């Protein structure tokens with residue numbers, strides 16, 4: 001018998017698929033409110049009797065990606081493969097679908113959507129999901145058959161797999177993240193490496209030392225390097241052009257029109273990955289260029305929510321680590337930077353390397369005092385109880401500026417101290433900003 005442990009989106013999706021296949025299973029969630037809510041719509045007999053039930057007695061335990069496997073209750077004395085994620089069951093249900101799997105620290109959601117949009121433009125049946133949008137098991141809930149699965153995978157989902165056997169596996173980049181869940185950076189990287197495919201193509205960045213080290217491993221076959229820094233990569237993207245030395249002989253391809261939602265040098269990485277996938281799948285370049293030109297970005301990812309001659313406001317609530325915040329900072333000047341939430345890293349001092357771009361830093365949330373102590377000696381810092389209080393002060397500070405000010409919401413922290421997720425945090429930021437703009 002199986003156990004589904006954790007009943008958020010991925011867990012519920014897995015429950016539905018297990019029901020569809022008429023398999024024996026039980027369910028559990030540690031949150032009392034979640035259980036109470038679900039008991040109104042799910043058969044109560046599916047819930048385990050926590051007092052009289054031992055986890056070791058189940059054949060397999062599918063643990064939600066949001067739950068750490070480092071907890072003692074998931075550590076059995078004998079080595080076992082009982083503990084799995086939804087990704088394991090997803091893989092076991094794959095038949096002839098071609099999987100394009102994407103992971104990395106930053107940019108993976110945008111890359112996933114870009115590839116999905118290219119397939120959609122060419123009217124190719126595709127499932128787009130995983131850590132973005134639809135949970136993985138939703139791919140098998142309908143009668144629809146998809147030619148391609150484009151799936152975003154987090155390090156948590158990859159912890160219990162060895163080989164996805166994907167057609168294309170992608171590592172966008174790697175930098176410090178989720179160190180609250182892992183022993184160290186090597187532990188985090190080792191989970192990401194599980195995406196490497198043995199039979200398909202491996203697309204790996206060489207722009208950061210961690211990804212480059214993976215690319216240089218001799219046992220990885222069919223690998224393609226990409227870069228936005230090194231023109232010697234197999235495929236490189238510079239300012240408005242791609243240099244292709246993999247499919248062609250050092251061919252320069254102009255990229256004349258790029259959507260505003262793909263602005264910023266860091267988005268060139270997403271574009272160059274999409275280009276490589278388009279070539280590997282032997283699809284029309286015309287459709288690729290059309291998608292790049294008209295791309296609509298995902299919410300809360302470097303989204304410009306207001307702009308005029310005096311003010312630009314960017315919502316990058318998805319920025320939950322320092323490297324993502326820095327990727328935003330380098331694109332703007334005269335920045336009023338908003339940070340805060342629960343810090344997953346300690347090295348906030350690295351932001352000071354870009355202080356010429358920043359006028360002031362505004363802090364909120366659980367780790368605000370910690371971040372303030374890291375930065376206050378070298379840059380002007382203000383700390384507030386919550387976003388509402390903070391927004392009022394930001395607008396007061398920029399009121400008399402003569403040059404264009406940039407309010408950049410790129411928290412560099414997780415959101416769980418005050419919000420359910422980064423989406424709710426981003427929506428709150430946008431709501432507060434638009435409300436304030438209406439008053440002025």
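Run down 232, 293, 279, 252 and say which single residue is modelled with pLDDT of 95 or more, closer than 21 Å to residue 119 by Cα and surrounded by fewer than 15 Cβ atoms within 10 Å (Cβ to Cβ).
Working: 232 fails: closer than 21 Å to residue 119 by Cα; 279 fails: surrounded by fewer than 15 Cβ atoms within 10 Å (Cβ to Cβ); 252 fails: closer than 21 Å to residue 119 by Cα.
None of the others qualify; the one that does is 293.
Would the stretch 235-253 turn up any residue that is touching a residue at least 60 places away in the same chain (Cβ under 8 Å) and assigned to a strand (DSSP E or B)?
Taking the stretch 235-253 as the starting set, the residues that turn out to be touching a residue at least 60 places away in the same chain (Cβ under 8 Å) are none.
The answer is no; no qualifying residue exists.
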Of all the residues that make up the stretch 56-85, how many are touching a strand residue (DSSP E or B) at 6+ places or on another chain (Cβ under 6 Å) and assigned to a helix (DSSP H, G or I)?
-> 1
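Please work out if residue 22 is loosely packed, with under 11 Cβ neighbours inside 10 Å and on the phi > 0 side of the Ramachandran plot. Break it down stepwise before answering.
Values: loosely packed, with under 11 Cβ neighbours inside 10 Å: yes; on the phi > 0 side of the Ramachandran plot: yes.
For residue 22, the condition - loosely packed, with under 11 Cβ neighbours inside 10 Å and on the phi > 0 side of the Ramachandran plot - is met.
Only one of these is in a strand (DSSP E or B), surrounded by fewer than 18 Cβ atoms within 10 Å (Cβ to Cβ) and under 21 Å from the mean Cα position of the chain (by Cα): 304, 314. Name it. Outline the logic, then answer.
Numbers: 314 fails: surrounded by fewer than 18 Cβ atoms within 10 Å (Cβ to Cβ).
Matching residue, one of 304, 314: 304.
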Of all residues in the stretch 270-291, which are touching a residue at least 60 places away in the same chain (Cβ under 8 Å) and in a helix (DSSP H, G or I)?
-> 270, 271, 273, 274, 276, 277, 278, 280, 287, 288, 290, 291
From the list 54, 39, which residue is over 29 Å from the mean Cα position of the chain (by Cα), without any contact (Cβ under 8 Å) to a residue 12 or more places away in the chain and surrounded by fewer than 12 Cβ atoms within 10 Å (Cβ to Cβ)?
-> 54
So which of 68, 92 is surrounded by fewer than 16 Cβ atoms within 10 Å (Cβ to Cβ), within 23 Å of residue 57 (Cα to Cα), in the same structural domain as residue 262 (by TED's automatic domain parsing) and out of contact with any helix residue (DSSP H, G or I) (no Cβ under 6 Å at 6 or more places or on another chain)?
-> 92
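The values are calculated or read from the model by the stated rules, or taken from the named source; none is laboratory data. If you're wondering where the values come from, they're calculated on a predicted model, not measured in any experiment. Because the Cβ atoms are built from the backbone with ideal geometry, glycine has one as well, and the counts that use them run over all protein chains shown.
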